[in-house]
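As structure tokens, the structure follows; a few thoughts come after it.
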């Protein structure tokens, strides 16, 4: 049993592909905000895992039924801007001999019994629900009110349900072109903050917006037109 904490520090989307490892079983148990509500069997979902820029994932890889040998964890994400879709159908996957390789696993004979708890039996800490909203603010990224940028944008801080491994608290979400992204957040500290895109070229060209929680504070710069979420630190 192997525990991996994956952080996508690339300037590209990754789709981790465990299908190159025979007999492997993969479970997701956490993301950048902590534990998920329950372990998610990624093998039952196709043995692939989308990881956007700056997203993190806590993964357990079970090699119990994997033959001895060397195996490469693949990446079937595109070598071009990612706009969603299915590898091999909606876009060409990464080059198998270069960008399509993430890391190598070297499986050797077991030296002793594995005392760790199987992932499906893990009792993860309960996630407390957020309180009811006190402030709701719609934010339109363009004059049309739609996100029309061709690449998906990993926005840090959809009118479709989140993926099972996206449950729990997160600070990075993937906003697909032409879709609506809704988030709920609780702010415990007043002050001035910023949310931004994690595609490096977007971030370097100031694809970000400031916002203020609570009243203006002494000495705090206030850019013209900055959104303010008044009514206290809760949201």
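Given labels modelled 7 Å from the Cα in the Cβ direction, how far is it in nm from residue 130 to residue 207?
Here the modelled spin labels are 2.3 nm apart.
Checking the a/c ratio against 1.5 first, then a/b against b/c, what shape does the Cα gyration tensor give for the range 170-225?
Here the range 170-225 falls in the oblate category.
Pairs of alpha-carbon atoms within less than 8 angstrom and 6+ residues apart define the contacts here; what relative contact order does the range 2-121 have, in percent?
Computed value for the range 2-121: 30 percent relative contact order.
How would you rank 108-117, 183-192, highest first, on the average number of other Cβ atoms within 10 Å across their residues?
183-192, 108-117
If you take the square roots of the eigenvalues of the alpha-carbon gyration tensor of the range 30-76 and sort them as a ≥ b ≥ c, do you get rounded (a/c under 1.5), prolate (a/b over b/c) or oblate? Provide the component values of the computation, followed by the final result.
On the way: a/c = 2.12, a/b = 1.50, b/c = 1.41.
Note, shape of the range 30-76 comes out prolate.
Values quoted throughout were computed directly from the atomic coordinates according to the rules given, and no laboratory measurement underlies them. All figures in this text were calculated on a predicted structure; none of them were measured in a lab. Positions of Cβ are generated from backbone atoms using ideal geometry, with glycine treated the same way; all protein chains shown enter the neighbour counts.
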